[in-house]
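Take a look at the structure set out below.
The values are calculated or read from the model by the stated rules, or taken from the named source; none is laboratory data. Because the structure is a prediction, the values reported are computed rather than measured. In this analysis, Cβ positions are derived from the backbone assuming ideal geometry, glycine residues included, and neighbour counts consider all displayed protein chains.
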Amino acid sequence: MPSAATSPPTSDQNRVDARTDSRSESDWEGVRLHVVTGKGGTGKTTVAGALALALAQNGRRVLVMEVEGRQGLAQIFDTTPLPYAERHVAVAPGGGEVWALAVDPEEALLEYLEIFYKMRRAGSALRRMGAIEFATTIAPGVRDVLLTGKAMEATKRTRDGRPVYDAVILDAPPTGRITRFLNVNTEVAGLAKVGPIKSHADRVMALIKSPRTAVHIVSVLEEMPVQETVDGVAELTSAGIPVGAIIINMDRVAHLSATQQRAAIKGSLPRDTITKSLEVVGLGSKRTTVAQIVDELCTEAHGHAVRLQLETTERQVLQKLEHPTYTLPLLTEGADLSGLYELAQALSEQGAA
Amino acid sequence: MTTQLLDVDQLLKDESIHILVCCGSGGVGKTTTAAALGVRAAELGRHVVVLTIDPARRLAQSLGLTSLDNEPRLVAGVGDATTGGSLRAMMLDMKRTFDEIVESHADPERAETIFANPFYQALSTSFAGTQEYMAMEKLGQLHARLGHDNDWDLVIVDTPPSRSALDFLDAPRRLGSFLDGRLMRLLAAPARAGGRLSVRVVNAGFGFFSGVLTRILGAQVLRDIQGFVGAFDALFSDFRVRAEATFDLLQSGETAFVVVATPEPDALREASYFVERLDKEQMPLAGLVLNRVQPAVAIDLTAEAAVAAAQRLEARGRAHSLTASLLRLHADAVVLRERQRHLSERFTAAHRHVPVVAVAALAEDVHDLDSLREIGELLRTGDDLVHSPA
């Protein structure tokens, strides 16, 4: 695996052949730009990484990019911090490639000046005057246009007449800010009604509102994240931005059936039966008596059952949104690289790729 | 040296502390912690204002916040005659706070010109960093009123859900120095050029700069910015002064920072950055609140033993399936707690001087004052995740 490169190699015959292999239908045929959002703490970066692996499988090439300067992708792919250059970070099942990029707004602005105005050399003068900082951290909307603009550029980039990337995944800002982030031309219109930056925003907007884009929202089954997901779907929809899937992350294994949950909540689990079973396997000692174990197991069951009932309610709320939902398991050992492949597999099996 | 327990009650009762800042990455329960600390402080006899930035709907309702009116409102049902404490709460209205600064520093005519300027409108609603700036501005205002009336003696502030937890420290200075900086002087040059020499020198830079800006943004944006700079001129240096004053206040002995995290790698990493940054800026850190901790198990039964027993029971048929499930559930709980302990200890090993209090996860979300009281109680007692021998 190359440790660093500025851009992927040109057409690789093996890859192209593999891509034409038969593969199962995904829910997102035709989607090229996958935007992943979610409330803080729901694991959206992990899901973005897993989705990248899933979409790259069987010989495809995808780019996953982050825009918030957190180096979250480097963490989950277990690599050194990403520079502002596309880097091959993982091999997908069946021989695909995942590339990653951490977009730096200042670099993106200089690149934009270079591409559109051949003005890269003016950059240092602008930086001295504080104009680069102004444009990338302060000017309303400009930062977001640069970041989404970079995603557009990667999505549309071609080499030898075919796309460089089969899909681009954008690890985007949290749900609370996603509509404003993506709705760049409204944002920029507050500043510029006409002019080059406005036209650039219009081009970005055309891609974002098209069927080639899908915004996936990651949630966990708790009240606040679910509420934010519901609000996010409504906001995106009214802004005309296509909502993709709802991804339920960190789903716990239900150890108890519905009947057992009700009994656990009422405190009516059959203590005698539990006691007998524990005695059969010889659990219990002087230090920890069987009765103490039964007490603890019933207490734990109570907490688990209350949580499961809440999760059931929240799951129904998400399912009512009428977008495809995928469920990813809670990795009790933490989301390391092998966990990421496990999540990619789960996404793939459920039709995300 | 073992990690000290963060004594929340002692912190809240300390009358030399007038500002408590809750910070941490998104989704760790910052706002809930700020609200729970507010309720507890009021019931310990303090007169408290909780400044929230963007509370979840039910949390806002539990504090009686139904509208965004930018003024502290008394929360009914907290504190009483015995303790003498009280609680007020407010949600930040960023645009209104910005407008108020303009109103208080410009004459009415000039204020109208500023309000009508498109660049100001964009600046005051969607300026990256405006929310952080205005949160700190509001904090400064609430602090300034401490001495004047006796409505409150403690301001608890929740920090904005920024891209980085550190933004609220940096944004005010960044905005302040931008408004008072070289760029603005260049932009303002045609409006206020004085002597002949300065006109020429300034215009050389301005010509280049305005050329670039016009090509990128368009001429109209530049005209708006110049209009704004012209009208805002006198207010610029004041913004920088205010940002500096707030920064000084945060470094003073009457402020305490509480870093909030969950026992997850990302949240703890952000917490580490934060602790290091506060150290560097000589800002007073009270300690770390570790939210959503998997509750301790009360018995000595390892995950391995529980899984082994569950497997044997599963082999014996359906009669034992309930107990087998309960044992597997127990094993999951033990594994999760051990993982959280391991992650938290990596933090405490690196920051031994930081007192910590761990708060066990509640099965249900916060929806009223009683659940905030319950969290307050958990904050007082603390879970022993990082304080007990493993």
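Output yes when any residue across region B:59-66 is of a type outside the set (Lys, Arg), farther than 22 Å from B:HIS143 by Cβ, out of contact with any strand residue (DSSP E or B) (no Cβ under 9 Å at 6 or more places or on another chain) and not in a loop (DSSP other than H, G, I, E, B), and no when none is.
Yes, some residue in region B:59-66 is of a type outside the set (Lys, Arg), farther than 22 Å from B:HIS143 by Cβ, out of contact with any strand residue (DSSP E or B) (no Cβ under 9 Å at 6 or more places or on another chain) and not in a loop (DSSP other than H, G, I, E, B).
Find all pairs meeting these conditions: Cβ atoms under 8 angstrom apart; at least six residues apart or on different chains; first residue within region B:257-282 and more than 14 Å from every other protein chain (Cβ to nearest Cβ); second residue of a type outside the set (A, V, I, L, M, F, W, C) and surrounded by fewer than 21 Cβ atoms within 10 Å (Cβ to Cβ).
Within 8 Å, the pairs are B:PHE257/B:PRO284; B:VAL275/B:HIS351; B:LEU278/B:PRO284; B:GLU281/B:GLN251; B:GLN282/B:GLN251.
Right, A:ALA352: assigned to a helix (DSSP H, G or I) and either within 14 Å of chain B (Cβ to nearest Cβ) or under 24 Å from the mean Cα position of the chain (by Cα) (or both) or not? Show your work before the answer.
On the way: assigned to a helix (DSSP H, G or I): no; either within 14 Å of chain B (Cβ to nearest Cβ) or under 24 Å from the mean Cα position of the chain (by Cα) (or both): yes.
Here the answer is no, as A:ALA352 does not meet what is asked.
Quick one: which of A:THR37, A:THR42, A:THR46 is in a strand (DSSP E or B) and within 14 Å of another protein chain (Cβ to nearest Cβ)? Spell out the reasoning first.
On the way: A:THR42 fails: in a strand (DSSP E or B); A:THR46 fails: in a strand (DSSP E or B).
None of the other options fit; the residue is A:THR37.
Does any residue of region B:244-256 turn out to be away from chain A (no Cβ under 13 Å), in a loop (DSSP other than H, G, I, E, B) and touching a strand residue (DSSP E or B) at 6+ places or on another chain (Cβ under 8 Å)? Don't jump to the end; show me each part of the working.
Of the residues in region B:244-256, the ones away from chain A (no Cβ under 13 Å) are B:244-256.
When the remaining residues are screened for being in a loop (DSSP other than H, G, I, E, B), the result is B:252-254.
Filter once more, keeping what is touching a strand residue (DSSP E or B) at 6+ places or on another chain (Cβ under 8 Å): B:254.
Taking every residue of region B:244-256 in turn, at least one turns out to be away from chain A (no Cβ under 13 Å), in a loop (DSSP other than H, G, I, E, B) and touching a strand residue (DSSP E or B) at 6+ places or on another chain (Cβ under 8 Å).
Look at A:ARG315 and say whether it is more than 11 Å from every other protein chain (Cβ to nearest Cβ), surrounded by 16 or more Cβ atoms within 10 Å (Cβ to Cβ), basic (Lys, Arg) and in contact (Cβ under 8 Å) with a residue 60 or more places away in the chain. Before you say what the answer is, go through the steps one by one.
Working: more than 11 Å from every other protein chain (Cβ to nearest Cβ): yes; surrounded by 16 or more Cβ atoms within 10 Å (Cβ to Cβ): yes; basic (Lys, Arg): yes; in contact (Cβ under 8 Å) with a residue 60 or more places away in the chain: yes.
Yes.
Among the residues of region A:124-181, what is the count of those that are more than 9 Å from every other protein chain (Cβ to nearest Cβ) and either more than 20 Å from B:LEU217 (Cβ to Cβ) or not β-branched (Val, Ile, Thr) (or both)?
So the answer is 32.
Regarding region B:277-292, can at least one residue be identified that is touching a helix residue (DSSP H, G or I) at 6+ places or on another chain (Cβ under 8 Å) and of a type in the set (Lys, Arg)?
Within region B:277-292, one or more residues are touching a helix residue (DSSP H, G or I) at 6+ places or on another chain (Cβ under 8 Å) and of a type in the set (Lys, Arg).
Residue-wise test of (1) more than 8 Å from every other protein chain (Cβ to nearest Cβ); (2) more than 35 Å from the chain's Cα centre (by Cα); (3) free of Cβ contacts under 8 Å to residues at least 40 places away in the same chain.
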site: A:ILE246; (1), (2), (3): yes, no, no
site: A:ASN249; (1), (2), (3): yes, no, no
site: A:LEU256; (1), (2), (3): no, no, no
site: A:ARG271; (1), (2), (3): yes, yes, yes
site: A:SER285; (1), (2), (3): yes, yes, yes
site: A:THR288; (1), (2), (3): no, yes, yes
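Can you name the residue in region B:103-149 that is among the β-branched types (Val, Ile, Thr) and either in contact with a Cys (Cβ under 6 Å, 6 or more places away or on another chain) or crowded, with 19+ Cβ neighbours inside 10 Å (or both) and, of all such residues, is nearest to B:GLY227 (Cα to Cα)?
Among those residues, the one meeting the criterion is B:ILE114.
Does A:GLU311 count as in a helix (DSSP H, G or I) and in contact with a strand residue (DSSP E or B) (Cβ under 9 Å, 6 or more places away or on another chain)? Show your work before the answer.
Numbers: in a helix (DSSP H, G or I): yes; in contact with a strand residue (DSSP E or B) (Cβ under 9 Å, 6 or more places away or on another chain): yes.
Yes, satisfied.
What number of residues within region A:211-230 are closer than 16 Å to A:THR42 by Cα, of a type outside the set (Val, Ile, Thr) and not in a strand (DSSP E or B)? So that I can check it myself, show each step before the final result.
Of all residues in region A:211-230, those closer than 16 Å to A:THR42 by Cα come to A:215-230.
Subset that is of a type outside the set (Val, Ile, Thr): A:216, A:219, A:221-225, A:227-228.
From what's left, not in a strand (DSSP E or B): A:221-225, A:227-228.
Final tally of qualifying residues: 7.
Of (1) farther than 25 Å from B:LEU222 by Cβ; (2) within 19 Å of the chain's Cα centre (by Cα), B:LYS95 satisfies all except one. Which?
(1)
What are the residues in region B:98-141 that are in contact (Cβ under 8 Å) with a residue 24 or more places away in the chain, polar (S, T, N, Q) and within 11 Å of another protein chain (Cβ to nearest Cβ), if any?
Answer for region B:98-141, where residues must be in contact (Cβ under 8 Å) with a residue 24 or more places away in the chain, polar (S, T, N, Q) and within 11 Å of another protein chain (Cβ to nearest Cβ): B:SER124, B:THR125, B:THR130, B:GLN131.
Considering only residues of region B:228-244 that are surrounded by 17 or more Cβ atoms within 10 Å (Cβ to Cβ) and within 22 Å of the chain's Cα centre (by Cα), which is nearest to B:HIS105 (Cα to Cα)?
Within region B:228-244, the match that is nearest to B:HIS105 (Cα to Cα) is B:PHE239.
Give the residue that is modelled with the highest pLDDT, with candidates limited to residues of region A:133-160 that are in contact with a Gly (Cβ under 7 Å, 6 or more places away or on another chain) and assigned to a helix (DSSP H, G or I). Walk me through it before giving the result.
Initial filter on region A:133-160 (in contact with a Gly (Cβ under 7 Å, 6 or more places away or on another chain)): A:137-138, A:140-141.
With the extra rule that they be assigned to a helix (DSSP H, G or I), the set shrinks to A:137-138.
Working: A:THR137: 70, A:ILE138: 66.
Taking the candidates together, the pick is A:THR137.
Any idea how many residues of region A:69-81 are surrounded by fewer than 23 Cβ atoms within 10 Å (Cβ to Cβ) and in contact with a helix residue (DSSP H, G or I) (Cβ under 9 Å, 6 or more places away or on another chain)? Please lay out each step first, then the result.
Within region A:69-81, the first condition is being surrounded by fewer than 23 Cβ atoms within 10 Å (Cβ to Cβ), and the residues that meet it are A:69-72, A:74-75, A:77-81.
Then drop every residue that is not in contact with a helix residue (DSSP H, G or I) (Cβ under 9 Å, 6 or more places away or on another chain), which leaves A:69-70, A:72, A:75, A:77-81.
Residues meeting the conditions: 9.
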